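Okay, structure first, notes after.
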């Protein structure tokens, strides 16, 4: 068994090993600033000692609310050195009850916060009586010129820490050496896609064990640069990003912060400037990248478009499902792949900085067509699977070890089984609930023994996710959806909707997102977020005014046609059972976004919120009038 080390042991080991190499990269004042491994450790020491000087006790909870940036990482490490328990919070939380609940429920006494997020904390302060001190990251606090009496800048905390270490370094060392593997590192709140948030207790050993497990299935080259697009408050960014890159002496680059949509606009700029070797991303962003590439190809004219389409088709046919790529019958495609890679795909990869080797995709199921696409252009996007309760990595595909459509190789050491509704273990190939056991399994839910007892039984974590172990290669796991998001028909049959929901937006340029709904009803309905620009272009191609009723009816029929392509006679027939395809469509009047809470911080659709928002439309869709495609509500939504 591997040594049960803490995150402090881990950080000390690798920051000494790679000393002068760059660990953190951040763009500030128009220039990329680099911080070495040694500087990372020394800054974390100063912040940790400064927190002790302020009175932080071992086990105190410290909420952290900030955009992803170098100081996020440094501040959390400092909090861990001081024996604190970090409570990472999403910047997408408003200053309402979601934020108040997490701070109060976690018993946080301290808040580490960026200047952009400081107004949120100030607004809720009267509702959070336990808060003692607010520590602000920025010396130049943007719109915040003057701090209140209970606020202090982190530069001042670090300065206090420097003085503390001059006279009380033994006390600081004793504090961090007193931390054990089973002590809590953080309380990670669930994003609440299907229920109210729960505080997941993750220990130091949960993290170090999962880093070791993750490295059994996926590695990076020493000195690689990783661009983290996922929010740092998620444990996937911790394990697959912060700590994995430490092992390989690699560096972490973050996207320059900004208000509102500025952050999204900064992503492609950061990619080109940081020139990463690997990125942590989510399917929603990968789809946006793909659309951006295709728009650029289209703008170059029909000849380039035709060559690109042919090259893509050839590469997809050669790569197959990755594990079976090539073959005797495909020998003639290889020289074509080499040629088109030089002519086209190399230029496409320049969009990603020219050094990208692969993506790691998490947060949601990754459509197989998206996997085939990115592999074809020479930057495979590897599906992984995990959940916060598992710290989070359970399996992942990787270079040389992938099966498209699967969620990847199962990490080692870890026990896994597939169980039916009665808890009976099923043979390989049969679908059931994914159940795991290992050192990565959470310590429990904070202040929720009932939920803990229902989720972790005799050491086995019941994930609530449905899947099966590959019958021809038991190292691979297939995840097929959530138990809690199952559709239930009027006769009691159950079906997981994620496959269709991921596939439709991928194969259709007229659909942005789709959500299926059936709660013991006579038929399934789909809530469709339309791609309005593409639909308007389609209406114009028919000689219709997109704003006229005739134009809107044509657009609705086009969407229906895209759905019908999964029925008999359609291009995608057979992918999904026909009885679960939607018999009625709801055209949504707004997209799913983080702002309207229909998408969470990892850009995963929040089913509960979508269904609540469109409750009236769902009820209407089960009436004779609402079942009709060309009903007034659908017309008006366009």
### Task
Run residue 288 past the list (1) assigned to a helix (DSSP H, G or I); (2) exposed (fewer than 13 other Cβ atoms within 10 Å of the Cβ) and report the number of the one that doesn't hold.
(2)
### Summary
Per the filter on the range 466-491, residues surrounded by 15 or more Cβ atoms within 10 Å (Cβ to Cβ) and closer than 24 Å to residue 102 by Cβ are 482, 485
### Query
Just checking, which of 592, 573 is under 20 Å from residue 506 (Cβ atoms) and either assigned to a strand (DSSP E or B) or touching a residue at least 60 places away in the same chain (Cβ under 8 Å) (or both)?
592
### Task
May I ask you to list the residues in the range 416-456 that are free of Cβ contacts under 8 Å to residues at least 12 places away in the same chain and under 17 Å from residue 201 (Cβ atoms)?
449, 450, 452, 453, 454
### Summary
residue 470 fails exactly one of (1) free of Cβ contacts under 8 Å to residues at least 12 places away in the same chain; (2) closer than 19 Å to residue 428 by Cα; (3) under 25 Å from the mean Cα position of the chain (by Cα), namely (1)
#### Entry: Members of the range 621-631 found to be surrounded by fewer than 18 Cβ atoms within 10 Å (Cβ to Cβ) and either touching a helix residue (DSSP H, G or I) at 6+ places or on another chain (Cβ under 6 Å) or not in a loop (DSSP other than H, G, I, E, B) (or both), listed by number
624, 625, 627, 629, 630
### Task
Have a look at 604, 633 and point out the one that is more than 19 Å from residue 508 (Cβ to Cβ), at pLDDT below 90 and not assigned by TED's automatic domain parsing to the domain that holds residue 230.
604
### Query
When you scan the range 8-53, how many residues do you find that are buried (at least 18 other Cβ atoms within 10 Å of the Cβ) and touching a strand residue (DSSP E or B) at 6+ places or on another chain (Cβ under 6 Å)?
8
### Query
Can you name every residue in the range 384-413 that is over 20 Å from residue 435 (Cβ atoms) and touching a helix residue (DSSP H, G or I) at 6+ places or on another chain (Cβ under 9 Å)?
397, 402, 404, 405
### Task
Please tell me if residue 526 is buried (at least 22 other Cβ atoms within 10 Å of the Cβ), under 21 Å from the mean Cα position of the chain (by Cα) and closer than 23 Å to residue 593 by Cα.
no
### Query
Can you name the residue in the range 57-82 that is more than 25 Å from the chain's Cα centre (by Cα) and surrounded by fewer than 23 Cβ atoms within 10 Å (Cβ to Cβ) and is also farthest from residue 226 (Cα to Cα) among such residues?
57
### Message
Take residue 545 and tell me if it is at negative phi, assigned to a loop (DSSP other than H, G, I, E, B) and not assigned by TED's automatic domain parsing to the domain that holds residue 88.
### Response
yes
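Against the definition (surrounded by 13 or more Cβ atoms within 10 Å (Cβ to Cβ) and assigned to a loop (DSSP other than H, G, I, E, B)), how does residue 634 come out, yes or no?
no
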### Query
Could you list, in sequence order, the residues of the range 381-395 that are at pLDDT 95 or above and either closer than 26 Å to residue 345 by Cα or part of a strand (DSSP E or B) (or both)?
393, 394, 395
### Query
Does the range 446-453 include one or more residues that are surrounded by 13 or more Cβ atoms within 10 Å (Cβ to Cβ) and over 23 Å from residue 190 (Cβ atoms)?
no
### Task
From the list 550, 625, 612, 537, pick out the single residue that is in the same structural domain as residue 495 (by TED's automatic domain parsing), under 30 Å from residue 93 (Cβ atoms) and out of contact with any strand residue (DSSP E or B) (no Cβ under 7 Å at 6 or more places or on another chain).
612
### Message
Can you find a residue that is at pLDDT 95 or above and part of a helix (DSSP H, G or I) anywhere in the range 215-222?
### Response
no
### Unique residue being outside the structural domain of residue 28 (by TED's automatic domain parsing) and touching a helix residue (DSSP H, G or I) at 6+ places or on another chain (Cβ under 7 Å) when the list is 324, 288, 266, 319
319
### When residues of the range 397-436 are limited to those that are crowded, with 17+ Cβ neighbours inside 10 Å and more than 22 Å from the chain's Cα centre (by Cα), the one nearest to residue 183 (Cα to Cα)
414
### Where residue 329 falls short, out of the listed (1) assigned to a helix (DSSP H, G or I); (2) crowded, with 17+ Cβ neighbours inside 10 Å
(2)
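Hey, among 410, 394, which residue is in contact with a strand residue (DSSP E or B) (Cβ under 6 Å, 6 or more places away or on another chain) and farther than 14 Å from residue 441 by Cβ? Show your work before the answer.
Working: 394 fails: farther than 14 Å from residue 441 by Cβ.
Checking each option against the conditions leaves just 410.
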### Task
Determine whether residue 249 is surrounded by fewer than 24 Cβ atoms within 10 Å (Cβ to Cβ) and in the same structural domain as residue 28 (by TED's automatic domain parsing).
yes
### Message
Would you confirm whether or not the range 252-272 contains a residue that is closer than 21 Å to residue 390 by Cα and surrounded by fewer than 23 Cβ atoms within 10 Å (Cβ to Cβ)?
### Response
no
### Query
Quick one: would you say residue 280 is within 15 Å of residue 379 (Cβ to Cβ) and part of a strand (DSSP E or B)?
yes
### When residues of the range 339-382 are limited to those that are without any contact (Cβ under 8 Å) to a residue 60 or more places away in the chain and over 19 Å from residue 297 (Cα atoms), the one surrounded by the most Cβ atoms within 10 Å (Cβ to Cβ)
371
### Query
Among the residues of the range 223-252, which ones are assigned to a helix (DSSP H, G or I) and touching a residue at least 60 places away in the same chain (Cβ under 8 Å)?
235, 236, 237, 239, 240, 242, 243, 245, 246, 247
### Message
Among the residues of the range 576-583, are any touching a helix residue (DSSP H, G or I) at 6+ places or on another chain (Cβ under 9 Å), in a helix (DSSP H, G or I), at negative phi and not assigned by TED's automatic domain parsing to the domain that holds residue 232?
### Response
yes
### Query
Exactly one of (1) more than 19 Å from residue 370 (Cβ to Cβ); (2) free of Cβ contacts under 8 Å to residues at least 40 places away in the same chain is unmet by residue 496. Its number?
(1)
### Task
Quick one: count up the residues across the range 570-580 that are surrounded by fewer than 18 Cβ atoms within 10 Å (Cβ to Cβ) and more than 18 Å from residue 368 (Cβ to Cβ).
2
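The values are calculated or read from the model by the stated rules, or taken from the named source; none is laboratory data. The structure displayed is predicted, hence computed values, not measured ones. Heads up, the Cβs are rebuilt from the backbone with ideal geometry, glycines too, and the neighbour counts pull from every protein chain shown.
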